[in-house]
Structure formats: structure tokens, C-alpha cells
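All remarks here apply to the structure that follows.
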Amino acid sequence: MHRYFVQTVAALAFAGLCVSAPALAVPQNLGIDGVVQTSGGGPVADGVYGMTFSLLDGPKGAAVWSEPAAPITVTGGHFAYTLGGIKPVGAALTAGDRWVQVQINAEPPMPAVPLRSVWSALRAEVAEGLDCSGCISLNQIDAKVLQPYAKTADLGVFAKAADLSGYAQKAELAEFAKVNALAKVAGSGSYKDLLDKPNFADVATTGAYADLVGTPVMAKIGVACGTGLVVTGIKADGSLACVSAAVTAASLPPDGLDEISNGLLTNQFTEASASATVPIDVMDGQPAGVSDLLVVPDVGIAQSISVTIDIANSNIANLRVTLYDPTGAEFKLHDQTGSGTSLKATYTASSKLASGSLAGWVGKNAKGNWSINVADMAGVQGNKDGKILAWSVAVGVMSSKKAAATSAFQMVPQASAPVPCNKANMGTLYFDLTSKTLRYCDGTNYRNLADTCGNGILDNSEDCDDGNNVNGDGCSNICQASYGAVKTKPGLSCLHIQTQQKAAGDTAKDGNFWITAPKGQVIQVTCDMTTEGGGYTYFPVDSGKTTFKFTEDNTCKDYGLDIVMPRSKEHWTWMLAKYGNSYFSTIPGVYKTNDGGNYTGCIMRNPTSYGSGCADWRVGDGGRWWMRDSTFGEPNGDYQSNCWLSMYNFDPGNIQFNDGTCSYSTAKYLCSTNDKK
């Protein structure tokens, strides 16, 4: 709770003679200084406080004037404010004692304090008691007092006969009195004596319509409309219905867009500004009420205006609702009438208010501060059973800056951009028949209107987004993924994906793709889309089942896959460059079905594919395989059937290995569909 000490400064007045003079304007406001203290006696914290001021006719009297709450800066407990800035004080100060009451925010009003005057105002009070109608009369004023203002000697120079003689010389008028200087008409007064008479059409002398020059064609029933008119129909009496044929843009009304577009377009809008601080409590038994303010922006000249309120109270018959416009004018929207607990109403320029009219705002710019004050005139002070739930000001305007389609607006599909995209055509919009999207020119490229496809961010409506709007790169210009590019469109293998992409006109590139594994799992794999025409599939396993030989189980088989089978030197080169040697502690996929044998005299590769090789060795599907292009000192006889060879030189140009005695195992390997033969 705070205590307030208020000092007032009254308007200055003048005392003196009552003489006939222009009336002085009466001030409509009042300066007021005050101090805000806490209950402990010190000043309140610096800041902005919402203060409502009322003038009472006694210390506990009725409010004779109040204005909406205003934000007031308090520094060191001190504040200064001018009453009447929102609502003029006017006649509220002219009779009787006046007491000032202050309410801060939603706290109860403070006790009223008397309105004090400054010295000059007290001096004016003396003059106020004079009856000027009988103060001084003409016979009471000594002529000597007025003599300095009406010296006769000052007029002497203008009264000398000699000084006026120059204006009365007869010689100067002689030329104007010469009869021969005037035309005959001056003596006869006859029209025929005029010199250079104008030529008039015959109608000027006869008055006959037939003598008119360039007479317009008049409408004739069943024949034609008049000059500049066209026929729109035939009336009931057989006459032609005619209208002007000269319709131009200048002859159309500024708000005629809806009329000429069959109601499909409009440039008329309703711009509404609503309170952002509701709901606000309404205290019982407080005539000063509670106020709220909103700002109406500059939306143009008002064609219509309306104020909508939604207020709850235990009895709306106790409510007084007052609106203040940016000029401070007051409009009583509701004044202690009706019944019920809800006051919902919209007031327009044609509405009959309790006092005032909004009609004066039509044709004006309604921008500025609008405020509303709601007072519950009954009930026990301190209680509250009412709320301002919502209120708004709506301005109907005719815009010169925007237009709207009231129904569907169709862009005719185009097979290609109707104009090139350059700076001159920036902002051009068209519907692309190929991509089935709206596209706009950004000054360089045509982009999708939503501008989400091609921004590198995957949105819910997109399969993919590779940062561009280019077709043929796996992600289309409408961000629909090529086959296998997303989990929802899996392929069967990289070779299968490559085939599908080529059929769709896309260029398959190395990268990660989705496939449905033979056992049904949708997994992400890496695709080599370049080596030997592309189509190699890889699914790395880092900590899988340990395997010593081809015939044992491995993690690849859980997906219906198998350990990768090296098809060529190029294939080895790509795998080792991509994954390094950690996946190749054993040579995957290559084995033979019987023990022993010395194979140092043959080249470890498939003879069917390469013309020479070691025929007993193979890969799981019996297809193409490769390890070297020359003989090597291994395998040299200690091999056990179906076992993996170890690998210790990883150079694709000189891969080296050992057959051992089935002592080489691995839990890290590459799985593949192995359908690239």
C-alpha cells in the first residue's frame, strides 16, 4: 500500500479594468505535482506507474471529472503531470471546492487531498469578484486620459486644403469627358452601334432549335441511342435503354474493384486493433473505474468504424462504459442500463450511444491512442465481480497498397517460364506445369514459392532437400526423392536403385541409400555408383559375429546378405579407399572347398573372367573374383577347406595374403547383396 501527497498548481488569472477586448482562451488543463511514498515513509522505486486522476466535490464526494489511466514516470518518489491531456478539465474546476484523488494501477484509490492554488491564482480571485458591467462608464473617464490617443494635431496635415488640391484638378479628368473618345453606342445605347460585333449562329437571333450548329443525335424509339451512347436493352414502353460508351479508368470509383471483378477482387479491408492487456478486473463501487488503452495504427482514411466490447459483471445495469478517442473526446457507450451479467456489443458510426457519436470519424484517419473506462457504480469498495474480457476498435478502409482475392485465384499452367528470370523480371510468378508448383523469380533463378524446397532443410512435406531446385541429381526440383533416396522409397540394392534412377532420368551418384534387405529389413547402405559402371552395395558391420570360414554363420546372413566378394582390382581400390584396411584383416569371400594344395604357380583370380587363374578357388556365388595380376608365394599348401585367407599387404597393386591353418578370423567386415557380378 502507498501513501500519496499531492500539490496542485492552479491556472493563472488576470485582474484589471473591464474593457471591450477579445476574450482570453480558458485553459483546459491543470498542472499537478506529487510525491509517492511507501508505507515506511520513503519514496517508491523509480519507474512508470499507471495513474488515474479524479476531481471530487469534497473529500469523500462524487467524482465531477476523471480521465483514463496514464503511464507516469516517478523519479525519487516525485512525479509531475498535466490533468486534461486526455480528457479536458474544462468546467470541472469552475465551482466549489475540488479535491484530487489518485489511483495507482489496480490498487484502491488513495484518500483525496484538496486542490491548492499558487499566489497568482489567488490574486486572480480578487478580480473574479468584480462586477465589470458597472465598473466604469464614459462620463467617468477624463478626456485628458484619452488625449494622447486622439491628438487633433496629428490630423492637421491631411486637412490642409492645399494638400488636397492635387486630387481635384479638373484638367486630369478632361480626357475622360471628351465625347469624341466614346463609340457611338455610348451615345445611342443601340446594339447596332457596337464596333466589331461577334458573329452569332442563327439560333442566337431566332431562338429556333433547327438553327443550332452541330446538333447532337437524339434518341429515337426503335431507331438509335444518342451521340456517345450505346444500347443496353429495351424498356417496357419500347424505348431504348442507353448508357455512356465512354467508360474509362478515371470514371471508375476508387472502391470499384469488386464491382468490375464480379466480386472476386477487393481493395476494401477492415483493420482491427484489440487490447493486449485483457482481462482486467473491474472494482465494485468505484466511479473512477478502471481504464485500458490500445493504439490504432495508420491504416488509412476510415470508411467505417466500430468499437466492440465484451464485459462481465454481476449486473450490467451498474456499469458505465466510456470511450475516449485520440483527441480526448468522450463517448458513453453504456450507462447503467439493461440487465444480466454479460455486456457484449458492437457500436458503429450509425449506433445511438448513451452520449456522443462515432459518425464524425468516418472520412478521417483514426490512428492514435483509444482508451476505454469501465466503472461499476454499485457494490462494496474493495470487492470485484467484473472483468473487461475484450475490446477492440475496427476501421474499415479502402487500401491503395494491397488487394485481395475473395475466392480462388488461378495461375494458368505454363510448360516453361513465360519470361526469363533476371533483375528486370524479379517477382514474376507463374505455375510450372512440369513440377506442378508455383514458382517465382528471385532475380536470378525461378524458385518454388514456399522457398523451403532447395534450402537444404528437410521439411515434413519433403522427401529430400539437397539445397537446390535441380532435377536429375537424386532429389527433384520439388524435393521428391529419387528411388532409394529416402527410407519410404527403398530399393532392393544399389544396382537396382541405379537402374530405377536412370529410367527416371536421374544421374546416380555415390552416397547413402535405402534398400529392403532380402529378409525384409529396411537398411541404409553405401552405394558405389561409379566403379565399373556402378551398382556396388556395402553394409558395414563393426562388431558382428566372428567368422573363420565361408561355411560359418556371420551377421550379414541375418539380413539375407553375405560378406562382400571382391570382383576386380578397381573394386578393391574403391573399397580400400573408402573403408581402409580395418575391414579386411581377412580376404572376404574367396575360398576353396578342399584342403591343402600349392597354388603359387597360378594367379589368384577367376580364370573364366580374366583368362587365367586358379580354378579351385571361388567366391560364394561362383561369379567373377580377383586378388592379383601375378603369381605369389601363397597359398603354399597348409590351407584348410572353406577357411578365410589372411591379408597383410593392402596395396591393390600387390595384395599379399597367407593361407595358414584356418587360424584367421574377423568380426568386422563388409556385407553386400553381391548382385553386381
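The values are calculated or read from the model by the stated rules, or taken from the named source; none is laboratory data. It should be emphasised that the depicted structure is a prediction, and the values quoted were computed from it without experimental measurement. Counting neighbours? That spans all protein chains shown, and the Cβs are built from the backbone with ideal geometry, glycine included.
Criterion first (in the same structural domain as A272 (by TED's automatic domain parsing), at pLDDT below 90, farther than 30 Å from L265 by Cα and among the polar types (S, T, N, Q)) does Q381 satisfy it? In short, yes. Residues that are exposed (fewer than 14 other Cβ atoms within 10 Å of the Cβ) and outside any loop (DSSP other than H, G, I, E, B) within region 361-403 comprise just one, G368. When the criteria are applied in full, I478 fails the requirement of being in contact with a helix residue (DSSP H, G or I) (Cβ under 9 Å, 6 or more places away or on another chain) and of a type outside the set (S, T, N, Q).
In the set (1) part of a helix (DSSP H, G or I); (2) free of Cβ contacts under 8 Å to residues at least 12 places away in the same chain, the condition left unmet by G613 is number (1).
For G472, the conditions (1) modelled with pLDDT under 95; (2) in the same structural domain as D659 (by TED's automatic domain parsing) all hold with the exception of (2). A single member of D629, D553 is part of a loop (DSSP other than H, G, I, E, B), surrounded by fewer than 17 Cβ atoms within 10 Å (Cβ to Cβ), charged (D, E, K, R) and touching a residue at least 12 places away in the same chain (Cβ under 8 Å), and it is D629. A search for C-beta distances below 6 Å between a residue of region 333-357 that is assigned by TED's automatic domain parsing to the domain that holds D376 and within 12 Å of S306 (Cβ to Cβ) and any residue that is assigned to a strand (DSSP E or B) and small (G, A, S), counting only pairs 6+ apart in sequence or on different chains, returns T346/S306; T348/S306. When region 540-554 is filtered for residues that are among the basic types (K, R) and farther than 16 Å from Y591 by Cβ, only K545 remains. If the condition is being within 15 Å of Y559 (Cα to Cα), surrounded by fewer than 15 Cβ atoms within 10 Å (Cβ to Cβ) and not small (G, A, S), then region 509-522 contributes P518, K519, Q521, V522. With respect to G454, determine if the residue is exposed (fewer than 15 other Cβ atoms within 10 Å of the Cβ), in contact with an Asp or Glu (Cβ under 9 Å, 6 or more places away or on another chain) and either outside the structural domain of P68 (by TED's automatic domain parsing) or closer than 30 Å to V278 by Cα (or both). Considered against the rule, which asks whether it is exposed (fewer than 15 other Cβ atoms within 10 Å of the Cβ), in contact with an Asp or Glu (Cβ under 9 Å, 6 or more places away or on another chain) and either outside the structural domain of P68 (by TED's automatic domain parsing) or closer than 30 Å to V278 by Cα (or both), G454 comes out as no.
When the residues of region 569-601 are filtered to those that are in a loop (DSSP other than H, G, I, E, B) and β-branched (V, I, T), the one that is nearest to N512 (Cα to Cα) is V590.
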